[in-house]
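To start, the structure itself, in structure tokens.
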Amino acid sequence: MQIDIRPFPLPASPDEPGEAGEALRRSHEFNERSNVLRYTEGVYVNTLVEHLASLRPTHDGRVDRLLAWDGDDLVGVLTMYARLLDSVDMTEVTVEPEPRLPLDAQREVAEALVARAHEEAARDGRTTIVVSAIGAANGPVTARTGFGGADPSEPGTAPLVARGYELEQVYRVSVAELAALPDLDERHAAALARASAYELVRWQGETPAEHRESMRALHERMSIDAPVAGLALEPETWDDERLAAFEQSKQEGGRTLLTVAARERATGELAGFTTLILPTSGATARQHDTLVTTPHRGHGLGMLMKLDNLLRLRELRPDLVRVVTWNAEENRPMLAVNEASGFLPVAYEAQWQWKEQQP
């Protein structure tokens, strides 16, 4: 196999004719096939417009997507995300060989993609590489957290093991089918009663002006409180420009943010929030961040906010009949909330880390 790995210029629009437009469309087709392999059918679907939006640079990060060709055949994709405001020594990578290739050919493509990722990272001055690959609830290799594992012979994993990557963390991918939650209203009412010292505030799209300062603080807290195992991620600093850019990027391609926050009645303080991303196609909404700050835990706020957003989703977008979420396998409190909210595991993602050895 003659593997030629090269980037492609982003077209101005999804239907642009010529080489850039055709490469984007091939990239999108590949992405959809790969998502079925990683998450099962219908769980993570993007339109061509959404796919193009996901590749554009944002205020806090840059995406580089390189395509691996064998002649006219697209045999793999390398996606690299470089943070620009924090954790700037790190690049986050996804390696995806064409799943329809024989296993030996998949391994050959994966090895070439990982090697290219190291070349690109070195050129960009990045000394830490984190690769997202297929994981498992258990496996021959156990994450350093002690929760979750991976198969070292899996085509996208084998070159990571060979280069000395450490399996730091495994994410559980879970799905809740709204049709399987007939008692959603009753459970929501019970959660409201338990959290009577709090009230819910809701919005769609950008954060209203009166909550922006609090939401900036909550996002900063999220970067500290969310379990990251041994991943070399730094605490984040959020100003209004970053919040605005974040919200804009999550709504590119026609998507919508649906947010609910819990506010303490006595102080007016926002105690936590949860957000759904509503896509323009498919039947699955995507759970984004959920946080309850430490002083306000123990009142069932995480459960309440998630149930409230599920009710709003059912009302606003009845075409979205399920929700998918990602959680660190060691994050037992959040997994317990999700399990009680009707989420069931469908896949696992492994987070492997490599650090350049310092002299």
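The values are calculated or read from the model by the stated rules, or taken from the named source; none is laboratory data. All figures in this text were calculated on a predicted structure; none of them were measured in a lab. All Cβ positions, glycine included, derive from the backbone under ideal geometry; neighbour counts span all protein chains shown. Protein only, heavy atoms only, side chains kept; ligands, DNA and RNA dropped before computing areas. Shrake-Rupley method; radii C 1.70, N 1.55, O 1.52, S 1.80 Å.
Every condition in (1) under 23 Å from ALA110 (Cβ atoms); (2) open to solvent by less than 70 Å² (accessible area, probe 1.4 Å); (3) in contact (Cβ under 8 Å) with a residue 40 or more places away in the chain holds for GLY146 except the one numbered (1).
Within segment 200-217, which residues are out of contact with any Phe, Trp or Tyr (no Cβ under 6 Å at 6 or more places or on another chain) and open to solvent by less than 60 Å² (accessible area, probe 1.4 Å)? Matches in segment 200-217: LEU200, VAL201, TRP203, GLY205, THR207, PRO208, HIS211, ARG212, SER214, MET215, ALA217. Return yes or no: is GLY156 in a loop (DSSP other than H, G, I, E, B) and within 21 Å of the chain's Cα centre (by Cα)? When the stated conditions are applied, GLY156 passes them.
Conditions (1) free of Cβ contacts under 8 Å to residues at least 60 places away in the same chain; (2) touching a helix residue (DSSP H, G or I) at 6+ places or on another chain (Cβ under 7 Å); (3) closer than 30 Å to HIS28 by Cα, marked per residue:
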{"residue": "HIS188", "(1), (2), (3)": "no, yes, no"}
{"residue": "TRP203", "(1), (2), (3)": "yes, no, no"}
{"residue": "GLU213", "(1), (2), (3)": "yes, no, no"}
{"residue": "ASP225", "(1), (2), (3)": "no, no, no"}
{"residue": "THR237", "(1), (2), (3)": "no, yes, no"}
{"residue": "ALA245", "(1), (2), (3)": "no, no, yes"}
{"residue": "LYS250", "(1), (2), (3)": "yes, no, yes"}
{"residue": "GLY254", "(1), (2), (3)": "no, yes, yes"}
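For segment 35-66, the set of residues classified as over 27 Å from ASP124 (Cα atoms), part of a helix (DSSP H, G or I) and open to solvent by less than 70 Å² (accessible area, probe 1.4 Å) consists of ASN35, VAL36, ARG38, TYR39, LEU48, listed by residue number.
Screening LEU101 against (1) within 24 Å of the chain's Cα centre (by Cα); (2) part of a loop (DSSP other than H, G, I, E, B) leaves a single unmet condition, (1).
Only one of ASP240, ASP225 is closer than 26 Å to ALA82 by Cβ, surrounded by fewer than 18 Cβ atoms within 10 Å (Cβ to Cβ) and modelled with pLDDT of 95 or more; which? Spell out how you get there, then give the answer.
Values: ASP225 fails: modelled with pLDDT of 95 or more.
Going through ASP240, ASP225 in turn, just one is closer than 26 Å to ALA82 by Cβ, surrounded by fewer than 18 Cβ atoms within 10 Å (Cβ to Cβ) and modelled with pLDDT of 95 or more: ASP240.
For segment 332-354, a residue qualifies if it is part of a helix (DSSP H, G or I) and either open to solvent by 10 Å² or more (accessible area, probe 1.4 Å) or of a type in the set (Gly, Ala, Ser) (or both), and the qualifying residues are ARG332, PRO333, MET334, ALA336, VAL337, GLU339, ALA340. Applying the condition of being modelled with pLDDT of 95 or more and among the hydrophobic types (A, V, I, L, M, F, W, C) to segment 24-47 and asking which residue is farthest from VAL93 (Cα to Cα) yields LEU24.
When you scan segment 294-310, do you find a residue that is under 19 Å from GLY253 (Cβ atoms) and at pLDDT 95 or above, even just one?
Taking segment 294-310 as the starting set, the residues that turn out to be under 19 Å from GLY253 (Cβ atoms) are none.
There is no residue in segment 294-310 that is under 19 Å from GLY253 (Cβ atoms) and at pLDDT 95 or above.
Without any contact (Cβ under 8 Å) to a residue 60 or more places away in the chain, under 16 Å from the mean Cα position of the chain (by Cα) and surrounded by fewer than 20 Cβ atoms within 10 Å (Cβ to Cβ) - does that describe any residue in segment 309-322? For segment 309-322, residues without any contact (Cβ under 8 Å) to a residue 60 or more places away in the chain, under 16 Å from the mean Cα position of the chain (by Cα) and surrounded by fewer than 20 Cβ atoms within 10 Å (Cβ to Cβ): absent.
Taking segment 107-134, which residues are assigned to a helix (DSSP H, G or I), open to solvent by 20 Å² or more (accessible area, probe 1.4 Å), more than 11 Å from ILE5 (Cβ to Cβ) and in contact with a helix residue (DSSP H, G or I) (Cβ under 9 Å, 6 or more places away or on another chain)? Within segment 107-134, ARG107, GLU111 qualify.
The rows are residues; the columns are (1) in a strand (DSSP E or B); (2) within 21 Å of GLU32 (Cβ to Cβ); (3) at pLDDT 95 or above.
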| position | (1), (2), (3) |
| --- | --- |
| GLU247 | no, no, yes |
| LEU258 | yes, no, yes |
| ARG263 | yes, no, yes |
| THR267 | no, no, yes |
| ALA271 | yes, no, yes |
| SER281 | no, yes, no |
| ALA285 | yes, yes, yes |
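Looking at TYR81, is it within 24 Å of the chain's Cα centre (by Cα), at pLDDT 95 or above, within 30 Å of ARG242 (Cβ to Cβ) and aromatic (Phe, Trp, Tyr)? So TYR81 fits the description; yes. Scoring VAL170 on the criteria (1) open to solvent by less than 60 Å² (accessible area, probe 1.4 Å); (2) of a type in the set (A, V, I, L, M); (3) in a helix (DSSP H, G or I) leaves a single failure, condition (3).
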